[in-house]
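Visitor: Supplied in structure tokens, the structure appears directly below.
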Amino acid sequence: MKVTDTLLVGKTLQYFDSLPSTNEYLVEKVKTTTLAEGTVVFTANQFAGKGQASNRWESTPNQNIAMSILLKPSFLLANTQFYLNIVAALAVKNAIEPLLKTISVQIKWPNDILLNGKKTCGILIQNTLSGSNISNSVVGIGVNVNQITFDPNLPNATSLALQGEQTFDIEQIVNAICQQLEHCYLQLKTGQQSLLKTAYFASLYRFETWAWYKKTSAGSEPFLGKIVDITTNGALVLALENGQASFDLKQIQFL
Amino acid sequence: MTFKEMENLLKLISELEMTEFKMKDGEFEIVVRTKEYGNTKVITQVPAPVVQQPIIAPPASTTSTVTESIASTKTVESTPVKEEPKKNYIPIKSPIVGTFYRSAGPDKEAFVKVGDKIQPGKVVCIVEAMKLFNEIEAEIGGTIVQVMVEDAQPVEYDTVLFLVEP
């Protein structure tokens, strides 16, 4: 596998036939060795991928993308790190959208990628902070590409192949993700935050649309809300029937 | 703990709107509870057995109870407590809003515990927010004397996570 047409992302690529988790590998590796910014770790078979909290990210060998990219966003204040989610989500969305002509590609807050409303990509970012400085950021990206059967317990999972009704070239998509990540990351680095935020909102699932939500606290009733913004911390801002409120990822559920 | 340190600690507890605060430092133990926890704010200071050092609690009893508001520093200052050699604990604060984790996973060991010697660069905890996981590195070296937040609890910007004795 080779990444071309980038200055930074993927210039160094470490390929593994099999790894428990590309994020875990890169997070540990960067502690003991000096790795260039943009270093990519890719595996054809990630068998213990890391999902949110204790969730696992399931993947069939040789069918999907499991990769992690090392960034060194020392220019970014720790409390504005949500822009890393915006950069990563936009990069994947921009990379796969041209391959899927008639299919709706959307970002679900904070950073899932949906095809026709179903999840095809998960992103998990692991930073190292020293004070308010982000010294390293490992951006983990898992994309379901050619896998066509999923655990029936995951009814909301899909893949590019399932939605696009064809198989896709994994190396080509990895290239597109690296190129787009570099593009969006350089936008962030050159202070174009408002441009990134506008693009994020333009692709955001349920943006400016009334829909049902539920608080995760016990005994909560479903309520109507409309996504109108995100805070600097990345919390979701909903317009409600009687005002406005912001929610942390753990506080709210999309119905 | 000196008067000044006690005063600062109480101010901090008050500002953070904690309902309960416990601290144990080998030599003494302190428990602070606010109105939200019980009906009165109680400060209890119980010295642990000390062989050589003078104890810092009031001489007449091993327990002192202050029922007034913890913001009232006057009340605290009126309590007879002997001065101790000053200890300058350095706080490790949260650089972001998020959820505090003491280990990398539910089945993993805590990054640090009280009594551990740490060097600058040592990962002491994870603060997670919106699927961004942040390993927090110590900027200073020393000994962890106190873990200020319980595992899996929300933290604000600048919340004190650990106290370190340099």
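Visitor: Whole-Hz Karplus ³J(HN,Hα) for region B:133-139, in order, using 6.51 cos²θ - 1.76 cosθ + 1.60 and θ = phi - 60°, x for Gly and Pro?
Guide: Once rounded to whole Hz, the list reads 9, 10, 7, 9, 8, 5, 9.
Visitor: How crowded by other chains is A:136-146, given as the mean number of beta carbons from other chains within 10 Å of each beta carbon? Walk me through the intermediate numbers first.
Guide: Details: counts 1, 2, 2, 1, 2, 0, 0, 0, 0, 0, 0.
Average per residue, whole number: 1.
Visitor: While we're on this one: Can you work out ³J(HN,Hα) from phi for every residue in region A:214-220, in order, using Karplus 6.51 cos²θ - 1.76 cosθ + 1.60 and θ = phi - 60°, giving whole Hz and x for Gly and Pro?
Guide: 8, 6, 7, 5, 4, x, 7
Visitor: If packing is taken as the mean number of other Cβ atoms within 10 Å per residue, what is the order of B:97-106, A:119-128, B:111-120, A:143-152, highest first?
Guide: Descending mean neighbour count gives A:119-128, B:97-106, A:143-152, B:111-120.
Visitor: Around A:Asp229, which amide H atoms from residues at least 5 apart in sequence, or from another chain, sit under 5 Å from its own amide H, with H modelled in the peptide plane?
Guide: The list, which skips near neighbours in sequence, is A:Val237.
Visitor: Could you report chain A's accessible area per residue, 1.4 Å probe, as an integer in Å²? Write out the running numbers ahead of the final one.
Guide: On the way: 11140 Å² over 255 residues.
With the other protein chains kept in place, chain A gives 44 Å² per residue.
Visitor: Per DSSP H run of at least 4 residues, take -39500 (n - 2.57); add these up for chain A, divide by its residues and hand me the 222 nm value, nearest 500 deg cm²/dmol. Mind dumping the intermediate values first?
Guide: Details: 5 runs with 61 residues, N = 255.
When only DSSP H runs of four or more count, the value is -7500 deg cm²/dmol.
Visitor: Right, next: With θ set to phi - 60° and the Karplus curve 6.51 cos²θ - 1.76 cosθ + 1.60, what are the ³J(HN,Hα) couplings of region A:83-88 in order, to the nearest whole Hz, using x for Gly and Pro?
Guide: Each residue of region A:83-88 in turn: 4, 5, 5, 5, 4, 5 Hz.
Visitor: For peptide A:232-238, what's the mean number of Cβ atoms from other chains within 10 Å of each residue's Cβ? Provide the component values of the computation, followed by the final result.
Guide: Details: counts 1, 7, 7, 3, 1, 0, 0.
Taking the mean over all residues of the peptide, I get 3.
Visitor: Continuing with this model, one more query. Please tell me the relative contact order of chain A in percent, rounded to the nearest whole number, where contacts are Cα pairs under 8 Å and at least six residues apart. Mind dumping the intermediate values first?
Guide: Values: 524 pairs, mean separation 43.9, N = 255.
Reported relative contact order: 17 percent.
Visitor: Also, I was wondering about something else. With a 1.4 Å probe, how much accessible area is buried between chains B and A, both sides summed, in Å² to the nearest hundred?
Guide: On the way: alone 10050 and 12120 Å², together 20060 Å².
Chain pair B/A: roughly 2100 Å² of buried accessible area.
Visitor: Could you rank the peptides A:134-140, B:148-154 by their average count of other C-beta atoms within 10 Å per residue, with the highest value first?
Guide: Averaged packing, sorted descending, gives the order A:134-140, B:148-154.
Visitor: Using the Cα atoms of chain A to build a convex hull, what is its mean projected area in square nanometres? List each step's numbers first, then the result.
Guide: Details: hull surface 56.2 nm².
Dividing the Cα hull surface by four gives the mean projection, 14.1 nm².
Visitor: Anything over 21 Å Cα to Cα? Flag those among A:Lys31/A:Lys108; B:Lys87/B:Lys108; A:Lys50/A:Lys118; B:Lys108/B:Lys131; A:Lys108/A:Lys250; A:Lys29/B:Lys108, in the order listed.
Guide: Working: A:Lys31/A:Lys108 32 Å; B:Lys87/B:Lys108 32 Å; A:Lys50/A:Lys118 19 Å; B:Lys108/B:Lys131 19 Å; A:Lys108/A:Lys250 15 Å; A:Lys29/B:Lys108 19 Å.
Too far apart for the 21 Å limit: A:Lys31/A:Lys108; B:Lys87/B:Lys108.
Visitor: To continue, here is another question. If I model region B:90-165 as equal point scatterers sitting on the Cα atoms and use the Debye formula, what is log10 I(q)/I(0) at q = 0.14 Å⁻¹?
Guide: With one equal scatterer per Cα and no solvent, log10 I(q)/I(0) is -0.37.
Visitor: Suppose R0 equals 30 Å. What FRET efficiency, 1/(1 + (r/R0)^6) with r the Cβ-Cβ distance, do A:Ser217 and B:Lys11 give to the nearest 0.05?
Guide: Working: r = 30 Å, r/R0 = 1.01.
In this case the efficiency is close to 0.50.
Visitor: Quick one: with all protein chains in place, what share of the accessible area of region A:210-254 is carbon or sulfur, to the nearest percent (1.4 Å probe)?
Guide: The computed percentage sits at 48.
Visitor: I've got another one for you. I want the local charge near A:Lys215. Using Cβ-Cβ distances under 11 Å, sum +1 for each Lys or Arg and -1 for each Asp or Glu among the other residues.
Guide: Working: positive: A:Lys214, A:Lys250; negative: A:Glu221, A:Asp248.
Surrounding charge for A:Lys215 is 0.
Visitor: Using a 1.4 angstrom probe on protein heavy atoms only, which residues from region B:120-166 are buried by at least 40 Å² of accessible area when all chains are present rather than their own chain alone?
Guide: B:Met130, B:Lys131, B:Leu132, B:Phe133, B:Asn134, B:Glu135, B:Glu137, B:Glu139
Visitor: Want the number for A:Met1 to A:Ile148: 0.36 nm per residue separation, take away the alpha-carbon distance, what's left?
Guide: Working: separation 147, 0.36 × 147 = 52.92 nm, distance 2.30 nm.
So the extension gain works out to 50.6 nm.
Visitor: Something else now. Of A:Gln193, A:Gln179, A:Gln46, which is the most mobile in a GNM of chain A whose springs link Cα atoms less than 10 angstrom apart?
Guide: In this elastic network of chain A, the residue with the biggest mean-square fluctuation among A:Gln193, A:Gln179, A:Gln46 is A:Gln193.
Visitor: Nearest 5 percent is fine: what portion of the DSSP beta bridges confined to region A:13-202 is antiparallel?
Guide: On the way: 31 of 37 bridges.
Given both bridge residues lie in region A:13-202, the antiparallel proportion sits at roughly 85 percent.
Visitor: Roughly how many Å² of A:Lys215 are accessible to a 1.4 Å probe, to the nearest 10?
Guide: The value for A:Lys215 is about 90 Å².
Visitor: Provide the packing ranking of A:6-16, A:235-245, i.e. peptides ordered by the mean count of other C-beta atoms within 10 Å per residue, highest first. Intermediate results must be reported in sequence, preceding the final value.
Guide: Values: A:6-16: 17.4, A:235-245: 14.7.
Going from most to least packed, we get A:6-16, A:235-245.
Visitor: Follow-up. Quote the FRET efficiency, to the nearest 0.05, computed for A:Leu240 versus A:Lys197 with a Förster distance R0 of 25 Å and r equal to the Cβ-Cβ distance. Working shown, then result.
Guide: Working: r = 22 Å, r/R0 = 0.88.
Here the calculated transfer efficiency is 0.70.
The values are calculated or read from the model by the stated rules, or taken from the named source; none is laboratory data. What you are looking at is a predicted structure, and each value in this text was computed from that prediction instead of being measured. Every residue, glycine as well, gets a Cβ built from its backbone with ideal geometry; the counts of neighbours run over all protein chains shown. Quick note on the areas: whole protein, heavy atoms, side chains included, nothing else; ligands and nucleic acids left out. Shrake-Rupley method; radii C 1.70, N 1.55, O 1.52, S 1.80 Å.
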